[in-house]
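Notes to accompany the following structure.
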Amino acid sequence: MACCIGARLVNLIRDALNLPNIKVTFWSDSEVALWWIKEHGDWPVFVTNRVQEIWQLTQFQLWRHVPGVLNIDDMLSRGCSARRLLDSRRWEGPT
């Protein structure tokens, strides 16, 4: 669902800023979600509908994996202070 929301958000921003050709790379720490996006399969209806929407909004080649330990969102969900977040080198993104 997070990948689907991300794809929707990128497309809304592209449309609002009139930047149809801006290069975007999508990152997820969910290897399962990335597998769903990059493969065809017989999944439950909910998953199938989300994946089809992602396919309509993005190209599967633009999706990349970021390990959870490098994912700044995971850092927040594990509970960290604002100072630790600000001091984190993770603002630079994955290599």
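Side notes on the structure shown:
- So residue 15, is it in a helix (DSSP H, G or I) and modelled with pLDDT under 80: no
- Residue in the stretch 52-60 that is outside any helix (DSSP H, G or I), polar (S, T, N, Q), touching a helix residue (DSSP H, G or I) at 6+ places or on another chain (Cβ under 9 Å) and at pLDDT 90 or above present: yes
- Subset tally (residues that are modelled with pLDDT under 80 and not charged (D, E, K, R)) for the stretch 61-79: 9
- Residues in the stretch 10-26 that are open to solvent by 80 Å² or more (accessible area, probe 1.4 Å) and of a type in the set (Lys, Arg): 23 alone.
- Condition check for residue 29: among the charged types (D, E, K, R) and surrounded by 14 or more Cβ atoms within 10 Å (Cβ to Cβ): yes
- On the stretch given as the stretch 36-50, residues that are surrounded by 11 or more Cβ atoms within 10 Å (Cβ to Cβ) and free of Cβ contacts under 8 Å to residues at least 40 places away in the same chain total 7.
- Checked against (1) assigned to a helix (DSSP H, G or I); (2) modelled with pLDDT under 95, residue 46 meets all criteria but (2).
The values are calculated or read from the model by the stated rules, or taken from the named source; none is laboratory data. What you see is a predicted model; the values in this text were computed from it and never measured. Ideal geometry is used to build each Cβ from the backbone, glycine not excepted, and the neighbour counts take in all protein chains shown. In case anyone asks, the SASA skips ligands and DNA or RNA and just uses the protein heavy atoms, side chains included. Shrake-Rupley method; radii C 1.70, N 1.55, O 1.52, S 1.80 Å.
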